[in-house]
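Just below is one structure, and these are the notes that go with it.
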Amino acid sequence: MSGWKKKRWLWALAGILFWGVVLHGREQGVRTGAAADTVNTGVRDEDGEQDEVSPQESKKIALTFDDGPHPVYTEQMLEVLEEAQIPATFFLLGQNIEGREELVREIAQKGHLIGNHTFHHVQITGLPREQAYEEIKKTSDLIEELTGRGTEYVRPPFGTWNEGLESELDLIPVMWTIDTLDWTTQNVDSVVNQVVNNAGEDDIILMHDSYQSTVQAVKRIVELLKADGFEFVTVDEVLFD
C-alpha cells in the first residue's frame, strides 16, 4: 500500500478510537469534541451600545445511510437531500444493487459519497478471512463498474471489523457516533429526537434509506440542525478535514 494511503487509514483507526472516547464521555453526560460557539454576552460599552459578536461558526455533521439502494425510499431520500442542497454518504449492499444500477449512478452523479456495506450484510468477524475479503471486494468492484470510481470507505455491518483487512482491501472502516435505531422504531419523532438532542460537531449519524419514516425524519433533522448552525458533509470531511 502506498505511503499516503497507509497514513490515511492509520488516521482513520485513530479516529475510531477517538469516537469511542467521545461516546463514553457522552454516556456520562459530558459533551466533547464540539467547537466553542460564539455567544452574545449582553455586555455593553460606555455609550450603552451592545458589543458586536462574530457569527456562529458552522459545525460539521455527516448523515450516513446503510443497506441501500432501496427501490423506493432511496430515490425519495435523494430528492430530500437535493432540495436541502446537502451531501450524504450511502453505504451500499452489493445484493441490493442488481436491478437498481441507475440508482447507484444517480447517487454518485448527485455528489454523494458511496461506501461499501458488504455484499450480503454479514458480520465480518464471523467469517473466514478469505470470505470476508470477497464480501467486501465484490461490492467494491460492482460500485466501481457502475460509477467509474472505486470505494474508499467501508461500514462493517454490526460495527465489527477484522484488523488488517483495511490494508488488504485499501479501504477505511467508518463507524458512527449517533445510532438513530430507525430500523427498530420506524417512528419519525423518535428518530428526529435521537439526532437533534444529541448532535455535536463532527458527529456521524447512522440511518437507513429503507424506510418512509426515515425520509420524513431527515426533512425535519436537516431543517432543525441547519437552524442550529450545522453544516452537512460527507464522512471523509469529518474524518480528515
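The values are calculated or read from the model by the stated rules, or taken from the named source; none is laboratory data. None of the values given here were measured: they were computed from a predicted structure. Heads up, the Cβs are rebuilt from the backbone with ideal geometry, glycines too, and the neighbour counts pull from every protein chain shown. To get the accessible areas, we keep the full protein, side chains included, count just its heavy atoms, and leave off ligands, DNA and RNA. Shrake-Rupley method; radii C 1.70, N 1.55, O 1.52, S 1.80 Å.
Name every residue in the range 116-147 that is in a loop (DSSP other than H, G, I, E, B) and either in contact with a strand residue (DSSP E or B) (Cβ under 8 Å, 6 or more places away or on another chain) or closer than 18 Å to Gly99 by Cα (or both), in order of residue number. Steps first, answer last, please.
Start the filter on the range 116-147 by keeping residues that are in a loop (DSSP other than H, G, I, E, B), which leaves 117-123, 127-128.
Result: His117, Thr118, Phe119, His120, His121.
Residues being in a loop (DSSP other than H, G, I, E, B) and either open to solvent by 50 Å² or more (accessible area, probe 1.4 Å) or free of Cβ contacts under 8 Å to residues at least 12 places away in the same chain (or both): count how many of those fall in the range 166-188.
Residues meeting the conditions: 5.
Return the residues of the range 215-241 that are more than 19 Å from Met175 (Cβ to Cβ), in a helix (DSSP H, G or I) and either open to solvent by less than 60 Å² (accessible area, probe 1.4 Å) or aromatic (Phe, Trp, Tyr) (or both); say none if nothing qualifies.
Val215, Ala217, Val218, Ile221, Val222, Leu225 - these are the residues of the range 215-241 that are more than 19 Å from Met175 (Cβ to Cβ), in a helix (DSSP H, G or I) and either open to solvent by less than 60 Å² (accessible area, probe 1.4 Å) or aromatic (Phe, Trp, Tyr) (or both).
Quick check on this structure: which one of Glu75, Glu82 is over 25 Å from Asn198 (Cα atoms), modelled with pLDDT of 95 or more and acidic (Asp, Glu)?
Values: Glu82 fails: over 25 Å from Asn198 (Cα atoms).
The match here is Glu75.
Given the residues Glu106, Glu102, Glu135, which is the only one that is open to solvent by 70 Å² or more (accessible area, probe 1.4 Å) and either over 18 Å from the mean Cα position of the chain (by Cα) or modelled with pLDDT of 95 or more (or both)?
Glu102
Right, Gln95: open to solvent by 60 Å² or more (accessible area, probe 1.4 Å), of a type outside the set (D, E, K, R) and assigned to a helix (DSSP H, G or I) or not?
Yes, satisfied.
Can you tell me which residue among Tyr211, Tyr153 is under 18 Å from Thr89 (Cα atoms), aromatic (Phe, Trp, Tyr), open to solvent by 10 Å² or more (accessible area, probe 1.4 Å) and in contact (Cβ under 8 Å) with a residue 12 or more places away in the chain?
Only one candidate passes the filter, namely Tyr211.
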